[in-house]
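Encoded as structure tokens, the structure appears first; notes follow it.
The values are calculated or read from the model by the stated rules, or taken from the named source; none is laboratory data. The structure presented is a predicted model; accordingly, all values stated were derived computationally and were not measured. Here the Cβ positions follow ideal geometry from the backbone for every residue, glycine too, while neighbour counts run over all protein chains shown. Remember, those area values only see protein heavy atoms, side chains included, never the ligands or the DNA or RNA. Shrake-Rupley method; radii C 1.70, N 1.55, O 1.52, S 1.80 Å.
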Amino acid sequence: VVEDSPAARGGVLPQDAIVSVNGQPVAGRSLSDVRQMITGEEGGEVVLVLFRSSTGETLTVPLIRARIAQPTASARMLAPEIGYLRLTQFREGSAAQVASLLRQLQSEGARGLILDLRNNPGGFLIESVDIASHLLRSGVVITVRGTRDRTTTYLVRPREPKFLANVVVLVNRRSASASEVVAGALQDAGVQLIGERTFGKGTVQLVYEFDDGSGLRLTVARYLTRSGREVDGQGLVPDVVVPLGLAVVGTPSDPPLQRAITVVTDLLRGAALAATR
């Protein structure tokens, strides 16, 4: 269920089974057939009958069709002083978007930040280094160890604005690669991770394609976190484990997000108390 989509707004949950579309049963039909039954003119209505195995309910859900566009980065205020920054991929230009959104949140009064990297499969390494540089004062972001133990170390770069306190990071089992670069660097610097163990993709690979259609995927380097931890095949273990369950990321029913709000609220309260002493 894509965030802020007609399905999300209509209350559809992951793992709901589609029984019928506009009164037509879907049993025995292919995925592409069902997709064609659901899609249609923007603004039109489609009525789904769903079976929710978690409760045993059969639900009738009317949805209004709309274009679905998931931005690479988005931000909003969740509560006074608490900003929320969602990053779905590390594409070219993602760091520039993050910089702009951090300025926006700070101008709206954010003193605490929830960085949401859930369901983010990664992307460009240099973008992850730049994004981490907005949230770290100095030091190593990531080390890439290649063949014969040759290493390349990526340090925190001079990036503005900085958001250096009262930060937590949300991760899950679909947070991978560049997401783990950022999350690992921040965790090693003392930032709490909340959610589920990450995917564990900590390698750099080259792909060779051959004339007969076969190919070779060759691992040429591995990522090591700020403190030298290996991520590949292990993932990052959150400081606070909270499963997402059947909730949709970023909604009020999202348990890890609600826990993150509580943690950041406590951090802000502690910072305010320290300032008065």
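Scanning the stretch 100-133 for residues that are open to solvent by less than 10 Å² (accessible area, probe 1.4 Å), farther than 22 Å from THR262 by Cα and part of a helix (DSSP H, G or I) returns SER128, VAL129, ILE131, ALA132, SER133. Considered as a group, the residues in the stretch 52-61 that are open to solvent by 30 Å² or more (accessible area, probe 1.4 Å) and touching a Leu at 6+ places or on another chain (Cβ under 8 Å) include one that is farthest from GLY245 (Cα to Cα), and that residue is THR60. Per the listing LEU273, LEU267, LEU257, the residue uniquely part of a helix (DSSP H, G or I) and open to solvent by 80 Å² or more (accessible area, probe 1.4 Å) is LEU273.
For the stretch 1-42, filtering for residues that are assigned to a loop (DSSP other than H, G, I, E, B), open to solvent by 70 Å² or more (accessible area, probe 1.4 Å) and free of Cβ contacts under 8 Å to residues at least 12 places away in the same chain leaves 3. Being open to solvent by less than 20 Å² (accessible area, probe 1.4 Å), within 26 Å of PHE124 (Cα to Cα), of a type outside the set (Ser, Thr, Tyr) and in contact with an Asp or Glu (Cβ under 6 Å, 6 or more places away or on another chain) holds for only one residue in LEU170, LEU186, and it is LEU170.
Quick grid of which residues meet (1) part of a strand (DSSP E or B); (2) more than 16 Å from ALA178 (Cα to Cα); (3) in contact (Cβ under 8 Å) with a residue 12 or more places away in the chain; (4) small (Gly, Ala, Ser):
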position	(1), (2), (3), (4)
LEU193	yes, no, yes, no
ARG197	no, no, yes, no
GLN205	yes, no, yes, no
LEU216	yes, yes, no, no
ALA221	yes, no, yes, yes
LEU236	no, no, yes, no
GLY245	no, yes, no, yes
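Contact map, the stretch 150-178: first residue at pLDDT 95 or above and in a strand (DSSP E or B), second residue acidic (Asp, Glu) and open to solvent by less than 70 Å² (accessible area, probe 1.4 Å), Cβ cut-off under 6 Å, separation 6 or more or different chains; pairs are LEU170/ASP116.
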